[in-house]
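Chemist: Quick one: structure below, then a few questions.
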Ligand code: ADP
Ligand code: ZN
């Protein structure tokens, strides 16, 4: 009897400690941040954007933020050690115990390997790859307006805020990110193809990748497809 109680306790602990990790992978401007918002609300998992974490460090002028700034402004990747530090710190917080949604991480194979090392056997990793041709991404990003307060994203033509330069959610001021200019975007796309795109094959070979084409489709349709993949993968309960 006692033995069974111990086994049951062990199983329960194992079950409870399993976490759902969802990666939103895709080029800049594919809509990772946009779809992460309803996903985090519905799945009740925190949304972790490494870009947002860096921007918040930058705003607070921390040492890490200052170190990362020159890379971000030039459209380059922040070195892996800095990214891993910032991510490690965030995912060790108690709200990440049941899982989290990663947006903008991993972006290199070293980052993907470091994440894997951190996950335990029972953790579930699902990758949603938002695919789009480069030709649409430059327009999407250069017209993007981000809320300086809550980080919500609008587009001056494709999804404008109700009032010009004011966030619909928190009335914060909308600004263009410094790295959202045409020149920097082109650089970010080159970096994406060289460093991040190989991760698609990597996750495909592990059978954890679902591709969602985001070209010329509306937001709701894309989100429904993401959701149906996650339902099939049992991330959402039916
Ligand atoms: P987007 O998805 O639109 O490219 P992000 O907000 O995710 O924008 O990232 C902005 C910048 O922050 C990147 O161009 C890069 O310099 C830096 N960054 C964010 N995440 C990472 C990461 N995982 N590895 C390296 N650099 C990163
Ligand atoms: Zn806002």
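The values are calculated or read from the model by the stated rules, or taken from the named source; none is laboratory data. None of the values given here were measured: they were computed from a predicted structure. Cβ placement follows ideal geometry from the backbone for every residue including glycine, while neighbour counts extend to all protein chains displayed.
Chemist: Out of the helices (runs of 4 or more DSSP H) lying entirely within segment 142-238, which hold 1 or more residues that are modelled with pLDDT under 95, surrounded by fewer than 15 Cβ atoms within 10 Å (Cβ to Cβ) and under 17 Å from the mean Cα position of the chain (by Cα)?
Modeler: Answer list for segment 142-238: 219-232.
Chemist: Next up: Residue 55 versus (1) more than 16 Å from ligand 2 (Cβ to nearest atom); (2) within 18 Å of residue 188 (Cβ to Cβ); (3) surrounded by 19 or more Cβ atoms within 10 Å (Cβ to Cβ): which is the lone unmet condition?
Modeler: Only one criterion is unmet by residue 55, namely (1).
Chemist: Look through segment 109-130, keep the residues that are surrounded by fewer than 16 Cβ atoms within 10 Å (Cβ to Cβ) and within 14 Å of ligand 1 (Cβ to nearest atom), and return whichever of them is farthest from residue 230 (Cα to Cα).
Modeler: 110
Chemist: If only one of 94, 106, 46 is away from ligand 1 (no atom under 12 Å from the Cβ) and surrounded by 15 or more Cβ atoms within 10 Å (Cβ to Cβ), which one is it?
Modeler: 46
Chemist: Working only within segment 56-83, note down all residues that are in contact (Cβ under 8 Å) with a residue 12 or more places away in the chain and near ligand 1 (Cβ under 9 Å from one of its atoms).
Modeler: 68, 72, 73, 74, 75, 76, 77, 78, 80, 82, 83
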